[in-house]
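Notes follow once the structure below has been shown.
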Amino acid sequence: SNNQVNLVKVRDCDCAVLDMTSDDARNWLLRQLLRVQFDYGVDTFKFEGGEVEFLPLHHITKVALINPNFFSEQYARFASKYFGGLQMGRVAYGTQDLGRFVRMMSRDSSWGVSNGLASVLSVTLTMSILGYPFVMPDMIGGDLVDSVPEKELFIRWTQLSAFLPGMQLSLPPWEYSDQNLIDFCRDAVFLHQTLARQVIVPLAQQVVETGFPIIRPLWWIAPESAEAQTSSNQFLVGDDLLVAAVLSPNVTRMDVFLPPGCWKSCNNTIIDSEAPQGKIVSIVLSLSHIPYFCRLSITDCTRTVKRFTFCDLQTCS
C-alpha cells in the first residue's frame, strides 16, 4: 500500500515478489524472459519459487486471492502458456491440465525416508496419483547443503532417477574421481535414454487419453495383494515394467514381489509368477545395477510374446 514494496527474504537476499494476478506484472516478466531467450538462444526456463510462503505478510494483489494458492496457480499457468511443456516448475496447485514437468521440493543428501533418497520414490508416486505425471525428481545426490553425498548414495540415486520421467544432477559424476562410479552413472543415463524412447514417451502420449500416471504404485496391477499394498521400494513404469529400487546402503540381497504374470528379469531370466497371489523372488545385488523386470504377454511362460523390446536392449549383470 502507499506505493511501498514489501520485501521478502529468499536465500538470504531481499527480494520483491511479482504480482502474478496482474496483467502488467506478467507482461513485464514475459518481456524480460523473451529478451534473454532471444539474446542468448535459451530454449526454455526453470521456474523456481511461486509458493505462497514467499508472499509478504501484508500483501495486496491486483486480483483478490480467493485462495492463497491461486497465486501459485497463476504463476504455473503463466509459465506453461508462454513456454509450453519444455519448461519446468516447482508449484502445481490445481494445474493437472498443464503438460509440464513439476519438480519435487529439495531433498537432503541422505538415505532417509523423511527427506532423503527413499522419499524421492514416495513423493514421485504421490505426485503421480494426484495427477502430475511428469515428475522431475530433485537433483541426483540431493541439495548438497552440508557435504558431497557418499558414493553409494549417489550411484543408487542415479539408478532410481533413470526410471523416472526426468533426471537432473547436483554435481557431475567425475567429481568423485572414481571410474566405477562414472561408469555406473553413465550406464544409468544410457538406460534412461533408451527407456524414454521405448517406454516413457509412449506412456506420456497415453496420459492425454487416459489420465493414467507414468510412474505407478505396485498395487495398480495387483490391487488385492498385501505385498503390493505395503511395498516401499517397488514401482511400475506403465503396467509392464517393474522396478525394485535400492533405497538403503549396503544391500546385497533383496526380496522382490512379482504380481501374477510372466516376467523377464534384466539378466534375461524368465520367471513364472502365474500363481494368483504372485511370487516373491530373492535376488543378489551388485552396485552396478538396479533390478527391473518386464512383463510378457503369455499363454504360459514357455510361449511368450514381447510387449516391447526394452528388456532386449538393456541388461544388468
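Key figures
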item	result
Qualifying residue in the range 215-238 (condition: under 17 Å from Leu121 (Cβ atoms), among the small types (Gly, Ala, Ser) and in contact (Cβ under 8 Å) with a residue 60 or more places away in the chain)	yes
Residue check, Ser225 over 24 Å from Ala204 (Cα atoms), hydroxyl-bearing (Ser, Thr, Tyr) and either surrounded by 19 or more Cβ atoms within 10 Å (Cβ to Cβ) or modelled with pLDDT of 80 or more (or both)	yes
Filter result for Leu57 (under 20 Å from Phe101 (Cα atoms) and at pLDDT below 85)	no
The range 142-190 - residue that is among the acidic types (Asp, Glu) and over 17 Å from Ser106 (Cα atoms) and, of those, surrounded by the most Cβ atoms within 10 Å (Cβ to Cβ)	Asp187
Checking Ile271 against (1) aliphatic (A, V, I, L, M); (2) modelled with pLDDT under 85; (3) open to solvent by 50 Å² or more (accessible area, probe 1.4 Å), the condition it does not meet	(3)
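The values are calculated or read from the model by the stated rules, or taken from the named source; none is laboratory data. On a predicted model such as this, the values are computed, not experimentally measured, just so you know. So basically every Cβ, Gly included, is an ideal-geometry build from the backbone, and we count neighbours across all protein chains shown. When the accessible area is computed, the model is the full protein with side chains, heavy atoms only, and any ligands, DNA or RNA have been set aside. Shrake-Rupley method; radii C 1.70, N 1.55, O 1.52, S 1.80 Å.
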